[in-house]
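Each reported figure results from applying straightforward, stated rules to the coordinates on display, with no laboratory input. As the structure is a prediction and not an experimental result, all values here were calculated from the model. Here the Cβ positions follow ideal geometry from the backbone for every residue, glycine too, while neighbour counts run over all protein chains shown.
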Amino acid sequence: DTGVSQDPRHKITKRGQNVTFRCDPISEHNRLYWYRQTLGQGPEFLTYFQNEAQLEKSRLLSDRFSAERPKGSFSTLEIQRTEQGDSAMYLCASSGQGATTDTQYFGPGTRLTVL
Amino acid sequence: GIQVEQSPPDLILQEGANSTLRCNFSDSVNNLQWFHQNPWGQLINLFYIPSGTKQNGRLSATTVATERYSLLYISSSQTTDSGVYFCVSRPAGNNRKLIWGLGTSLAVNP
């Protein structure tokens with residue numbers, strides 16, 4: 001399967017712990033996006049990479065959040081000192097280059113529960 | 001910033017019925033997509049349709065960019081069509097941030 005994959009699918013952690021999520025985009029896609037989705041809402045943009053460069057970062061992304069894409073392939077999203085308000089679905093998407101290939105393809109998401 | 005409004009917010013259909021979902025956007029866009037999020041949370045890209053009409057099986061979409069709206073048609077609905085349908089746009093320019101509507105929650109009953 002050449003779709004977007006995310007790991008883990010579910011994560012339960014205690015408040016104050018650090019968590020890291022991984023996203024593997026579609027192999028030929030150079031753009032990668034992270035979103036957060038809470039119940040009953042649409043996805044909220046967190047950050048965007050073109051190759052290894054992080055080009056945009058939402059104000060939603062506090063100092064406790066950091067994302068990397070070191071080799072322009074997979075990406076990681078780390079949340080430090082988790083809070084209960086961080087509980088959400090974290091979605092990754094990727095897209096190709098150019099206007100006609102700007103369609104974003106989403107992974108299955110990582111559901112985070114902070115106790 | 002650009003606003004994306006979807007209607008209706010909720011919809012219940014009997015299997016086999018047809019429906020039309022609407023998306024209004026407040027400013028010029030150069031990227032308009034429709035997504036379906038199934039009950040398990042997976043987002044599926046249905047259409048990339050900044051203008052014109054496209055059809056894919058029982059689904060079709062039309063965007064009239066000059067009038068700033070898009071329509072998603074579902075014909076002969078099936079229970080597997082249940083979920084939330086999102087209209088997503090990106091403002092004209094080089095901003096890669098997508099603007100999401102609140103979605104239409106569809107339930108198709110057998």
Beta bridges by DSSP in the protein assembly as shown, antiparallel share as percent, to the nearest 5 | 90 percent
Fraction of alpha-carbon pairs in chain B farther than 17 Å apart, rounded to whole percent, equals 49 percent
Per residue of A:104-111, how many C-beta atoms from partner chains lie within 10 Å of its own C-beta, taken as a mean?
-> 4
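So for each of A:17-28, A:85-96 I average, over its residues, the number of other beta carbons within 10 Å; can you give me the resulting order with the highest mean first?
Packing proxy ranking, top to bottom: A:85-96, A:17-28.
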Alpha-carbon centroids, region B:6-41 and region A:43-114: separation in whole Å = 24 Å
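Might you report the magnitude of the Cβ-based charge dipole of the protein assembly as shown about its Cα centre, with Lys and Arg at +1 and Asp and Glu at -1, to the nearest 20 debye?
My answer is approximately 380 debye.
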In this structure, among A:K71/B:K97; A:K11/A:K71; A:K71/B:K54, pairs with alpha-carbon gaps over 29 Å are A:K71/B:K54
Pick out, from B:V64, B:S105, B:P39, the residue whose Cα sits farthest towards the positive end of the charge dipole of chain B, with +1 on the Cβ of Lys and Arg and -1 on the Cβ of Asp and Glu.
-> B:V64
Taking all pairs of distinct alpha-carbon atoms in the protein assembly as shown, Kirkwood radius in angstrom | 18.1 Å
Calculate how large, on average over all directions, the projected area of the Cα convex hull of region A:1-87 is; give the answer in nm² to one decimal.
-> 6.0 nm²
In debye to the nearest 20, the charge dipole size for chain A, taken about the Cα centre with +1 at each Lys and Arg Cβ and -1 at each Asp and Glu Cβ, equals 440 debye
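What is the calculated FRET efficiency for A:E78 to B:T20, with r their C-beta to C-beta distance and R₀ = 35 Å, to the nearest 0.05?
Once the sixth-power term is evaluated, E becomes 0.25.
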Inter-site label distance for B:N30 and A:E68 at 7 Å from Cα along Cβ, in nm | 3.3 nm
Work from the charge dipole of chain B (Cβ charges, +1 for Lys and Arg, -1 for Asp and Glu, about the Cα centre) and give the residue of B:Q14, B:Q3, B:Y73 farthest towards its positive end.
-> B:Q3
